[in-house]
Structures are given as structure tokens and as C-alpha cells.
């Protein structure tokens, strides 16, 4: 069985990703682990190679040709990112290592300078550890409270629980995912932002998963903070983004001290640079940031309408196919969900599934997916997870289904 | 190299011979794999080195525990230590060792470095139990 995908030639897309031609254990690679990290298109690889071969020096400090050219290329990506997520200003884009660092930056600076002991931070039950642990650390160091918003069995935000968590007016920050890396559920971020703002709280959105699959407009959402990683967006590792409203960045102290982030330095004291540079201490990931720029160009060239339509068809096909396999249980069934599907199989442990699929050239993730508390909430210890990118095909889903049927026979 | 899910492994996973907590034992040891949450608890009866276990784990953990109980039955603690070392070499190198008998069924796991810990987990629990004997 295969599905018809409209106005989107996945075969042409796949040609752009050299790694997809690789074989694993003598079998064609079926890569279903894009939610962990996506593969890279030729355009990203070439852009990074070009920097290293033809146009490289440190940024923001050299008075020579190469440094100026590299600084221009690096700063052009800040404009590109601002445009990509529709930020009001390029000064609202802070480059980090990844979304984890973006969230930690907020916890260490905004969390300690603006949030007061006794204020509460609210997160949901389906957060990645990256959007849970920094708030636990803030709680232990600074005396803020950490509250957990329940999710329904379907894997959606429980609005009754949300109301309860906010009822006493102590919550000053809602830190929440836009798309669960385990359940694939999207959260209604516009509604959540409005809800938080009406109650005097700010909202931080972990957009790591969502930004890969749909157009994000931080102004339309009215996000206060928005974090994502480059490597899930078909870009390189080592570069991430923190978007924050300008007035918030202005009131935040530096995260790390060093070069780049200062206005002036004496032996006694230093004055700090304006945002976003205040938050970018040290030589940044120059090559990777330029690679991220190429990834954004690539994604925008294809367009989120086409990507989303393709992935929607794939997800529907996958949900229908996998739920027909005896013994397979899919976690969560949110109304609004994307191409991340976690499942368990009767009798077969997630790690057995992953190893046996790997023998067939199929890469899935197995374990707790950096969301250990969510595993407990859903009543499992680990799951296998198949996740899709723009290059995933219906045939690959069928290969997964065939693989699972073989495993079922082994474990019956 | 043997397939990590060959018949003997699946047989011991589905129909273990030594699973379950015995009514009487001299010592127990428990070890968990922090990466996946798998757990093994091993019960040792000193006389005759009689080993039983309870496992919450994958097929490799379960089969490895069951084959371990066979392999160490009647051995001295020093002999168990030697077999344990040889077993570790087996699952990390993939080279079969005639002295290890049916344990050689797990040699294939060497190809999957992230799964080697599944095979050695019961042995760690046994070492823990013997430490208490």
C-alpha cells in the first residue's frame, strides 16, 4: 500500500541528501530517527565547506577582508533567522549551541534576575528533560517553585489542570513544548500564550520539534521566548537559537562572560554589550551558523506548505499501517499530531525492536527519549520511536511495518 | 558471528528455566541499566551455586540471565569470577570460546556495542550477590 503525495517530489528531495544513499548491514538505509537529529542536504554541506575553503576568519574583531566577509555572512544568518520566525527585530535573535542551551540561558539569566523566590514556573508532563531539568535547578538554587501541568491520555494539554496550576497567580513563566518529541502532539501555543499573558505570566516555547514541520511566527504566537536547535532543522550540530522579545533581553544579565559580550573592560569591572551580543560570549559557531543559514534557505525553498502536506500524509499512513500490526500500541492520539510516533510491542522490548530493525537497515530510536517522567505517566518504561523528515517516503513506512511483522513472528 | 536473536536466545527469553524468586536463598544482588531502566535481581544459594533471578528487561537480558544460571551452577565463587571475565571477553570481542558452552549464543551481541551491557547486566547482579555471600 502506498499513498499519493501531491506537489512534492520526495525522490528529488532525497537526491539532495547524500547520506540517504548509504547502506547499513548491507541493506538500504531507512532513516526514521529525524526527531533526534535530521540528515543534511548538499546545500548545507557545501555552504560549510565553502566557508572553510574560501571565506573564513574570526568574526566581529578582524579589520581585514576575510574577517569582514565572514562577519557579514555570519550576521546575515541572524537576519535570516529573524525573517524565518518573523521576529520584529534581528536583535531578538541570540545564537546558542542548541535549544538546551537556549532554555538554560533563560533559566540562568531571566530566571535569576527577574523571577523571584516564591514565583512559580509551570511545565507540562510531556517536556523533554531540556525543558524540565533547568527549572528544577532554578528551583533548587533560587527558590522558585516548579509546577507540572497534566496531559490527557490522548497526549494533549489538560486545560483543567492548566487552570489549577495558574489559579493562585504565582506562576510567572509557562515553559512548554510546541510538539512532544515522544507523542508527536502539537500544543496550541497561541492559546497558551494568551492564557499565560492574561494571568501575568510569560511563555517560553521549546520549538525544537515543531519548527521542523510547520511555519512558526513568534509574533502571531506572541511568544516571549522561543528556543530551537539547528541540527533538527537539517542544519549542523553546534548552533541553536533563542528568540526573546527585545524588552526581555534588555533586562536580562549576561549568561557567560568573555570576549564578544562586552562593551568595555577594565581590571575592576566591565560594561556589557547590548543584546543579542551580551549573550554570545566567546567565538561563536561561525561555520555551523552559516550552515544553519543554508538549511533555512533550503527549507524555505521547498516551503512549509509542501513539507507539512507530505508529512501529514506520511503520518496518517504510518498511524493506519502500524496500528494494524497485532500487538503494536501507539502512545497518544492527539487531534493535532505530527510525524513522531512512539510505540510498544507486546512481548518485545523497545531495545530488541531497535536492534532487530537495525539489522534490516531501519534506524529508529528506543528508550525513554529524554522524557523519563513522561514514560512513567504513560505507563511504560521505554518505547520505540519512528520519526519522519521531509525525505521520508511511504515505502519506508511500509519497510518499517514489514520489519515489525518479522519481529512479531520472532517474539510470538 | 552468531545472530544475537538466535533460537536459543529466544527460547530462554520465552521459556526461562531459572526465572523467579526462590523460597530460600543466601544472598541477592540487584543491578539496573540506567540507560533503559532494565533491572535484574539475582538470588544465590551457596550450596551448589544455585542461581535464580527476576528480570525486567529485553530478550538479551532475560536470556543472558537464564544461561548464566546454567553456566555457574555448581561452580565455586572463583570459578564464577573466571567465567564472568571470559563472558565479558566473549560479548565484547565476538570470538566464541569453547569453554563457555551455550553462553556462546550471545557472542553476536558484540556487533551492537550499545547492547553489550544488556548481556552483562545479569553478571553484574550476580557479582553483587556474591559480594554479600
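Bear in mind that the values in this text are calculations on the coordinates, not laboratory data. Since we're looking at a predicted model, the values are computed, not measured. We place every Cβ from the backbone using ideal geometry, glycine too, and count neighbours over all the protein chains shown.
Below are the figures for this structure:
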read-out: Prolate/oblate/rounded call for chain A, Cα gyration tensor, a/c under 1.5 rounded; value: oblate
read-out: Per-residue mean of C-beta atoms belonging to partner chains within 10 Å, peptide A:111-117; value: 0
read-out: Centre separation in Å (Cα based) which lies between the range A:373-387 and the range A:278-347; value: 17
read-out: Alpha-carbon spread of chain B, three principal axes, descending order, Å; value: 38, 30, 25
read-out: Mean Cα-pair separation over length for the range A:46-300, i.e. relative contact order, pairs under 8 Å, 6 or more apart, %; value: 24
read-out: Least to most buried among A:126, A:52, B:10 (fewest other Cβ within 10 Å first); value: A:52, B:10, A:126
read-out: Sequence of A:262, B:35, A:103 once ranked by neighbouring C-beta atoms within 10 Å, starting from the fewest; value: B:35, A:262, A:103
read-out: Computed [θ] at 222 nm, deg cm²/dmol, chain A (DSSP H ≥ 4; -39,500 (n - 2.57); rounded to nearest 500); value: -12000 deg cm²/dmol
read-out: Whole-number percent relative contact order across the range A:283-412, with pairs defined as alpha carbons under 8 Å at least 6 apart; value: 27
read-out: Relative contact order (percent, whole number), chain B, Cα cutoff 8 Å, 6+ residue spacing; value: 33
read-out: Semi-axis lengths (Å, descending) of the ellipsoid that matches the C-alpha gyration tensor of the range A:224-324; value: 39, 15, 12
read-out: Highest average packing first - A:401-408, A:202-209, Cβ atoms within 10 Å; value: A:202-209, A:401-408
read-out: Over the range A:353-400 - Rg/Rh using Cα atoms and the Kirkwood inverse-distance radius; value: 1.04
read-out: Gaussian network model of chain A, Cα within-10 Å springs - most flexible of A:304, A:388, A:95; value: A:304
read-out: DSSP-defined beta bridges in the protein assembly as shown - what % are antiparallel, rounded to 5; value: 65
read-out: Bins of 5 Å from zero: percent of alpha-carbon pairs in the range A:255-412; value: 2, 7, 14, 14, 13, 10, 9, 9, 7, 6, 5, 3, 1, 1, 0
read-out: Max mean-square fluctuation residue, GNM over chain A, Cα-Cα springs under 10 Å, options A:152, A:315, A:237; value: A:152
